[in-house]
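The values are calculated or read from the model by the stated rules, or taken from the named source; none is laboratory data. Not measured: the values here are computed from a predicted model. Counting neighbours? That spans all protein chains shown, and the Cβs are built from the backbone with ideal geometry, glycine included. Just the protein is used for accessible areas: all its heavy atoms, side chains included, with ligands, DNA and RNA removed. Shrake-Rupley method; radii C 1.70, N 1.55, O 1.52, S 1.80 Å.
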Amino acid sequence: MRAEKYGIDCSRGVMNRGNLYRIERAMRKAMRGEHVTVGFLGGSITQGCLSSAPETCYAYLVYRWWCDTFPDAAVTYVNAGIGGTTSQFGVARADSDLLSKDIDFTIVEFSVNDEDNEHFLETYEGLIRKIYGSRTAPAVLIVNSVYYGDGGNAQAQHIRIGEHYELPCVSMKPTLYEKVLDGTYTSRDITEDDLHPNDEGHGLMAEVIISFLDRVYEELRAGNEDADNHMDVRKVTPVTPNAYEHSVRYQNHNCASVLTENDGFAVDGQPQEDIREIFRRGWTADKKGARIGFDIEGSCIGVQYRKSVAQPTCIARAVVDGDAEHAKILDGNFGETWGDMLCLDTVAEHLAYGKHHIEIELVETHEDDQVPFYLVSVIAS
């Protein structure tokens, strides 16, 4: 085992035990040989960035644990990881990318994409409430990854939510990262960029998670089961204002009821074959003064757009209700080199709940623009 080789005490990774009834229920279902669906929602680490193959990603290794532990069960694997995305986008896409698959057990991993602040505490709570309160009442395991350069993550915020909803939380910070700090191994043994695990790092990450699942299974087989806590998230007072639980994402295929104007934005009609084809179902524009507007209901409004490494490109401005205090420059130029980024900017937050108008206008273009401005979606929460 990799963890034994590096002297990692996997038990230290359990930051909150939580109520295990739903995980045990999924395991009992698998023990009976029934169909079980295991899902993973997160960013690039969950997607498997820098693993040599999809099968060496931690998520796939955890899925294989379910297959190997319950050989009579039919286990379905759903990997809904999308690189460079946060729980703010996660809650807006959870229904389509995860919950529509009738999940029994899911891991949620956004701790290195979310920032350690109150905004992402709120978006993360909305995501957890949406998943936990969904139709199939899935088990949820919170997983916290870490930056191996400095130990940074949003673990403090995510554990607050885990504790409030009695959910188990497992972390790489007191396990993998601790062994980097004490010199047992270097960060380059497990990651090329101090963030994304290589195959060795994914294997270690999977072992920390599997160690927890093994203990849950052992307790279940020994008859030491947790009682159903009958948690109805609708009756649990949120930690935050909880404006994001019911986020709705508008793209060109579902915006007929909210689109109010379009002068110069062209519909992207390319089909989206995979959730990671992120620049689909949106609109493009390349002429200064092009504008598009929506009347949407909510209290928080965000805009998704492309930041491109092909420069120069266009710059837009988003304004809510014509109020300069609720305006945001959407700069399509990306300063990094690793690829185009799906950017999600919050334009207005915690307005009075109701119908609000958002207008997006191209305010700067260039004769040598390499690509048009790409508006991916507008998200109302």
**Fraction of antiparallel bridges per DSSP, the chain only, in percent to nearest 5** = 70
**Asked** Using the Karplus equation 6.51 cos²θ - 1.76 cosθ + 1.60 (θ = phi - 60°), what ³J(HN,Hα) coupling, rounded to whole Hz, does each residue of the range 120-128 give in order, writing x for Gly and Pro?
**Response** 7, 4, 6, 5, 5, 4, x, 5, 5
**Message:** So, for the chain, what is the accessible surface per residue at a probe of 1.4 Å, expressed in square angstrom?
**Reply:** 41
**Item:** FRET efficiency, 1/(1 + (r/R0)^6) with R0 51 Å, evaluated for Trp338 and Asp228 via beta carbons
**Value:** 0.70
**Request:** Using a 1.4 angstrom probe on heavy atoms only, work out the carbon and sulfur share of the accessible area of the chain in %.
**Result:** 45
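Return a single number: how many Lys pairs in the chain, at a sequence separation of 8 or more or on separate chains, have alpha-carbon atoms below 17 angstrom apart. Numbers along the way, then the final one.
On the way: Lys5/Lys179; Lys29/Lys101; Lys101/Lys130; Lys130/Lys235; Lys288/Lys328; Lys307/Lys328.
Going through the chain pair by pair, I get 6.
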**Asked** Based on the mean of other beta carbon atoms within 10 Å per residue, what is the order of 292-300, 138-146, 42-50, most packed first?
**Response** 138-146, 42-50, 292-300
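Taking every pair of alpha-carbon atoms in the chain, give the share separated by more than 28 Å as a whole percent.
On the way: 34256 of 72390 pairs.
Above the 28 Å cut-off, the chain has 47 percent of its Cα pairs.
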**Principal axis dimensions, largest first and in whole angstrom, of the range 258-364 by Cα** = 38, 29, 26
**Estimated [θ] at 222 nm from DSSP helical runs (n ≥ 4, -39500 (n - 2.57)) normalised by residues in the chain, nearest 500** = -7500 deg cm²/dmol
